[in-house]
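Contents: one structure, followed by commentary.
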Amino acid sequence: MYLYDDIDQRIVDARVREFREQTRRYLAGRLSEDDFRALRLRNGLYLQRHAPMLRIAIPYGMLSTRQLRALADIARRYDRGYGHFTTRQNLQLNWVRLEQVPDILAELAAVQLHAIQTSGNCVRNVTVDHLAGVARDEIVDARVWCEIVRQWATLHPEFGFLPRKFKIAVSGSPADRAATFVHDIGLQARRAPCGETGFRVIVGGGLGRLPIVGQVIRDFVPWRDLLGYLEAILRTYNRFGRRDNPHRARLKVLVRDWGIDRFRDAVEAEWAQLRGGPQTLTEDEVRRVASRFTQPVYEPLADLDFAEEPRPFAAWRRRNVHPHKQPGYAAVTLTLKRPGVAPGDVTADEMTAIADLADRYAQGELRVTHEQNLLFADVRQRDLPELWRALRDLGLATPNAGLLTDVIACPGGDYCALANARSIPIAEAIQRRFADLDELLDVGDLDLNISGCMNACGHHHVGHIGILGVDKNGAEFYQLEIGGDQGGERPAALGKVLGPALAGEEVADAVARLVRTYLALRESEAERFVDVVRRAGPEPFRRSVYGDRDQERAHRPRSAAA
């Protein structure tokens, strides 16, 4: 867990005072709506469908139990008693009152939290592999490098008014668990043959209206040059990125229009001017940042064998418990995906109870994942049965991590003013349809993502099954995509639209047909849904959803068909 130093705290406290005065002037009529909009967005405050929404930064997803209890208390006193964890490892409060936001920010600052740059055309919250620091395959602890990037990007005088929002993800392992190929910049740790540590740099990825998989701009940047190279990319984008059309202002459009070679040449020319400058990292600076992180205390333990165990516990351990680099320890996912509850939602009482469990079993820390779940990173294996029972009593031991009902979804039309359709009812219908655990386990790994509009906050483009809400003459319909993948052991890929949009009540049945087709086509249990789509193509899946409709249309009288 990163602990603020005096400079960190002074920056956050100054921003609270600044925004309090800006809010006072706006409420007094001395700032126009247009003038205030840019100010509130840079402090994470949106105007949603029903009420203002405050987006709170959780840098690279790390939380202490003190911070989680503070978030629970704020949710009780200033909101409606719950919060929503997002795919950018943030927390959103959907029912705040504008005049109280400065007070909320002050309380966040008291526990080393803030909402700086959670919106606006700037570098947003840097995200990371949720297993950073405990993964057996990692090259570096990516959290340290996320913090270095955060400190560089926060209130950067040159990059506060970029052409559009800017997102960075960091993976410290060869297995990309941070979806680096669908960010403006993705960083993947690498080790050169000589032993030097550096980063593979990917640019131009992103979802939304124009989904694009990023491209490698440089296969290896030495760690000392990381910030200089990032600055060269940002300067090139800031200078040449389009500002005339917000839908074409992202870095991915510039890279697409120029081509990766031309963009690389421009970045390399800029870097030639920056390399060796004041942003060059030193060993002392990296040690300084790393020293601000609390370190877990590990006991000398051996890995345990859970050969004889109750079936419900075994299912949970199989899906929600992950290997740890330290013998005798494990990482544990708390899936926030339960029937009747919006994906990513947690009540204030649940936050408090989770904090109590993290103090008891996870050394007082937890993490938010970009799959909208929580993670206890440092759990003794001998404590797993007791932790499972405690989580089961809270309704947080659903053994579905990575399964079909571990749905990623944006808040959709129930909250967001931009949404074309609701996401939450679709997620609930799918979770009800696949409530049988044996069926889920038989289906195996399957990512299902839902977005309420083309902004793709639910990352539907990279779901094995993606669902997009669309508007048809004022009615809510849903478009299905299949074959997407956020990357990892296999290349990142964008899903392909399967056919015409469906009414909301048809979606769960359509997903069931896709699953049945997959089970009929797979050649082994190890072959995932997305692997079958890549091997067999989308056509058998399309027929499973639309075949009856096509047949009816073909046999319908011409006048009726017209």
Residue in segment 408-420 that is closer than 29 Å to ALA520 by Cβ and at pLDDT 95 or above present: yes
Residues that are farther than 16 Å from VAL134 by Cα and of a type in the set (Gly, Ala, Ser), drawn from segment 276-301: GLY276, GLY277, SER291
Filter result for VAL545 (under 26 Å from the mean Cα position of the chain (by Cα), aliphatic (A, V, I, L, M) and surrounded by 15 or more Cβ atoms within 10 Å (Cβ to Cβ)): no
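If only one of PRO339, PRO300, PRO327, PRO343 is open to solvent by 40 Å² or more (accessible area, probe 1.4 Å), in a loop (DSSP other than H, G, I, E, B), outside the structural domain of ALA132 (by TED's automatic domain parsing) and under 19 Å from ALA435 (Cα atoms), which one is it?
Working: PRO300 fails: under 19 Å from ALA435 (Cα atoms); PRO327 fails: under 19 Å from ALA435 (Cα atoms); PRO343 fails: open to solvent by 40 Å² or more (accessible area, probe 1.4 Å).
Exactly one residue qualifies, and that residue is PRO339.
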Matching residues in segment 522-540 - criterion: being free of Cβ contacts under 8 Å to residues at least 60 places away in the same chain, among the aliphatic types (A, V, I, L, M) and surrounded by 17 or more Cβ atoms within 10 Å (Cβ to Cβ): VAL532
Given (1) touching a residue at least 24 places away in the same chain (Cβ under 8 Å); (2) not assigned by TED's automatic domain parsing to the domain that holds HIS464, number of the condition GLY412 does not satisfy: (2)
Filter result (open to solvent by 10 Å² or more (accessible area, probe 1.4 Å) and assigned to a helix (DSSP H, G or I)) within segment 68-104: ARG69, ALA70, ASP73, ARG76, ARG77, TYR78, LEU98, GLU99, GLN100, ASP103
Segment 485-521, subset open to solvent by 30 Å² or more (accessible area, probe 1.4 Å) and in contact with a Pro (Cβ under 8 Å, 6 or more places away or on another chain), residue farthest from GLY469 (Cα to Cα): LEU521
Out of ALA51, ALA28, ALA14, sole residue that is modelled with pLDDT under 95 and in the same structural domain as ILE104 (by TED's automatic domain parsing): ALA51
Test: residue in segment 45-61 that is part of a helix (DSSP H, G or I), open to solvent by 20 Å² or more (accessible area, probe 1.4 Å) and under 30 Å from LEU448 (Cα atoms): yes
Hits in segment 190-213 (condition: within 19 Å of the chain's Cα centre (by Cα) and touching a residue at least 40 places away in the same chain (Cβ under 8 Å)): VAL203, GLY204, GLY205, GLY206, LEU207, GLY208, ARG209, LEU210, PRO211, ILE212, VAL213
Answer from ALA302, ALA266, ALA249 - the residue that is touching a helix residue (DSSP H, G or I) at 6+ places or on another chain (Cβ under 8 Å) and aliphatic (A, V, I, L, M): ALA266
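Does PRO278 satisfy being farther than 29 Å from ARG360 by Cβ, part of a loop (DSSP other than H, G, I, E, B) and open to solvent by 60 Å² or more (accessible area, probe 1.4 Å)?
Details: farther than 29 Å from ARG360 by Cβ: yes; part of a loop (DSSP other than H, G, I, E, B): yes; open to solvent by 60 Å² or more (accessible area, probe 1.4 Å): yes.
Judged against the criteria, PRO278 is a match.
Of everything in segment 215-226, what is touching an Asp or Glu at 6+ places or on another chain (Cβ under 8 Å) and without any contact (Cβ under 8 Å) to a residue 40 or more places away in the chain? Give them in sequence order. Give the derivation first.
Start the filter on segment 215-226 by keeping residues that are touching an Asp or Glu at 6+ places or on another chain (Cβ under 8 Å), which leaves 222-223.
The one that is touching an Asp or Glu at 6+ places or on another chain (Cβ under 8 Å) and without any contact (Cβ under 8 Å) to a residue 40 or more places away in the chain: PRO222.
Sort through ASN400, ASN420 and tell me the only one that's within 22 Å of ARG55 (Cα to Cα) and not assigned by TED's automatic domain parsing to the domain that holds HIS322.
Values: ASN400 fails: within 22 Å of ARG55 (Cα to Cα).
So the residue among ASN400, ASN420 that is within 22 Å of ARG55 (Cα to Cα) and not assigned by TED's automatic domain parsing to the domain that holds HIS322 is ASN420.
What are the residues in segment 243-263 that are outside any helix (DSSP H, G or I), surrounded by fewer than 16 Cβ atoms within 10 Å (Cβ to Cβ) and touching a residue at least 12 places away in the same chain (Cβ under 8 Å), if any? Spell out the reasoning first.
Pass one, segment 243-263, residues outside any helix (DSSP H, G or I): 243-245, 249-250, 259.
Going one step further and asking which of them are surrounded by fewer than 16 Cβ atoms within 10 Å (Cβ to Cβ), we end up with 243-245, 259.
Once the filter is applied, which keeps residues that are outside any helix (DSSP H, G or I), surrounded by fewer than 16 Cβ atoms within 10 Å (Cβ to Cβ) and touching a residue at least 12 places away in the same chain (Cβ under 8 Å), segment 243-263 yields only ARG243.
In this structure, is VAL149 in a helix (DSSP H, G or I) and open to solvent by less than 20 Å² (accessible area, probe 1.4 Å)?
Working: in a helix (DSSP H, G or I): yes; open to solvent by less than 20 Å² (accessible area, probe 1.4 Å): yes.
Yes.
Consider segment 26-44. How many of its residues are part of a loop (DSSP other than H, G, I, E, B) and either open to solvent by 10 Å² or more (accessible area, probe 1.4 Å) or at negative phi (or both)?
Filtering segment 26-44 for residues part of a loop (DSSP other than H, G, I, E, B) gives 28-32, 42-44.
Pick out the ones that are also either open to solvent by 10 Å² or more (accessible area, probe 1.4 Å) or at negative phi (or both) and you get 28-32, 42-43.
Going through segment 26-44 one residue at a time, the tally reaches 7.
Tell me the residue from GLU539, GLU489, GLU527 that is at pLDDT 95 or above and closer than 30 Å to PRO174 by Cα, please. Can you show your working first?
Details: GLU539 fails: closer than 30 Å to PRO174 by Cα; GLU489 fails: at pLDDT 95 or above.
Among GLU539, GLU489, GLU527, only GLU527 is at pLDDT 95 or above and closer than 30 Å to PRO174 by Cα.
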In segment 184-193, the residues that are open to solvent by less than 10 Å² (accessible area, probe 1.4 Å) and out of contact with any helix residue (DSSP H, G or I) (no Cβ under 6 Å at 6 or more places or on another chain): ILE185, LEU187, ALA189
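The values are calculated or read from the model by the stated rules, or taken from the named source; none is laboratory data. Computed from a predicted model, the values in this text were never measured in an experiment. Note that we place each Cβ from the backbone using ideal geometry, even for glycine, and neighbour counts take in every protein chain shown. Remember, those area values only see protein heavy atoms, side chains included, never the ligands or the DNA or RNA. Shrake-Rupley method; radii C 1.70, N 1.55, O 1.52, S 1.80 Å.
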